[in-house]
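Only one structure is covered here, and it is reproduced in the block below.
Each reported figure results from applying straightforward, stated rules to the coordinates on display, with no laboratory input. Computed from a predicted structure; not experimentally measured. We place every Cβ from the backbone using ideal geometry, glycine too, and count neighbours over all the protein chains shown.
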Amino acid sequence: MTLSADVRADLLRMAEAFSPPEPQPEPPAVFDPFGWRLKARPIQLPPTGDYDVWYVRGGRGAGKTWTCANAFAELIVAHPGGEWGVVAPTLGDVRTTCFESQDSGLIRALGGRVGPGGELLERGPHILRWNRSTCELFLRDGGVVYGDGADDGALRLQGKNLRGVWADEIGLWKQWATAWDESIGFAVRKAPAKIIASGTPKAGRPGLALVKRLLTAALADPHGPTRTSLLHTRDNMANLAGAALTRMRLLEGTRLGRQELDGEVLDEADGALWTRDPDKAEREQLGLIVSERPEDLRVELLGRTVVALDPSDGEKDGDGVGFAVVAMHLDHRARVLHSADLLGDRALGPAAQVREARRLFDLHGADRVVVEKNHGGRWLVDLFRTLDPTLPVKVVDATQGKRTRAEPAAALYTRPGVVHVGDHEQLEDQLTSFTGAAGEPSPNALDALVWALTELRPTAPPAGGGEVVQHAYRDDDAPGGFVAWG
Ligand SMILES: Nc1ncnc2c1ncn2[C@@H]1O[C@H](COP(=O)(O)OP(=O)(O)OP(=O)(O)O)[C@@H](O)[C@H]1O
Ligand SMILES: [Mg+2]
């Protein structure tokens, strides 16, 4: 049966309105070698009865990875031998999060223990060997668990005879169709043939299509082959501290919070200034976020590189510090090289903000650090003078409202005059949900980005296209700090 787009949308809305039925705790007879079921909240337990796919949806820090690692370990131990797979957005994520996480990883769930560098300190009853360079976990029962990244389509799993797969953060998978349909779909073909998936749905990401597909299937047949559970971040508060709690408080009651804390499926915010959807960008003249891999960056630098800092005076509880590093390149595009919003116990005190600005300045060979005057920026500049007097710092003042300041920056993305190099998940979530409405919390990475772009003022390439030979030279007195193409 093929569902029309309208019917699917209705089903999804209904899915949001009704919480899925909570799985009941299993009776004690259930196989539970490590006692994780005793610690799990009822909603974290696998579905009862037979299923093919179990999608654990939830907010950030809600316990998705912990749940799936334990449920997957249980599956592996209950079915000795054979091949298994773990897939996450990148190979690095599989290694460090899915296998090695000391709190939530598969090695721990199987009774082993890893050190801070990922080395296997204790094997426990089931693990024989962990090869972190090939991302292979060998088990005493002869089984082996292969890890791979979805961004390359999880091609390594093709041709394997897998008994089960754990698929983490499917909402962030770039090559989800290849990874899910071609690699995992064909390879999971030995009993018990189960897929356990987890992740926070992310508006505007390609992986949202996979999330919607699983939710639609689960809703169409709640006792069928696809099941889903929903974990809320607030229910896992007892296991969270510091930055995660601060972030939670900041996001509670906001639109982004519905996605990030409650795992709700949202589409990009109406009225947001940026989008990841090319059609929407064209239709509604929004800033289109275009990304590039760092290894593909071949264009030479044209002008300046700026570090922007949206500081925090630490007075307002939970206020964060935003950083952005943006450089102008010869193809007239500004490239965002770094972005961060540091909150809670990851937030930096004033001296650490100065040190981080210096680190980014040196790392990227920048010309200037731009610091917003508000929120303590004024005395922060004095601190810069004292602690790091040779760092060229420019103080900027916010005289216009946030939306007014952000609009020209968003407009630059439409050409696109701005490209994101590498992963900027946090910044992009802020951009695609920022409407500038009254009372909307201040997105710090977005603010820093806007300051960097305002400072660089990228201009449009000359009309007519074709290759243009540019001459640019620095001139601190010129608008934007350099004179371009004379
Ligand atoms: N039932 C539980 N009992 C004890 N600790 C738990 C439980 N559930 C989750 N945790 C702990 O909560 C923390 C967050 O869990 P986890 O890493 O699974 O979250 P997540 O939803 O995958 O987060 P993210 O969105 O960042 O990927 C971890 O320290 C994990 O060990
Ligand atoms: Mg996780």
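Some observations on this one:
- Built amide H within the under 5 Å cut-off of VAL188, gap 5+: LEU162
- For the range 195-283, relative contact order (Cα pairs under 8 Å, six or more residues apart, normalised by length) works out to 36 percent.
- Entries in LYS202/LYS402; LYS64/LYS280; LYS160/LYS280; LYS190/LYS212; LYS194/LYS280 that, when Cα-Cα distance is taken, lie over 28 Å: LYS64/LYS280; LYS160/LYS280; LYS194/LYS280
- Computed FRET value (nearest 0.05) for GLN400 with LEU38, which takes r as the C-beta separation and R₀ as 56 Å: 0.50
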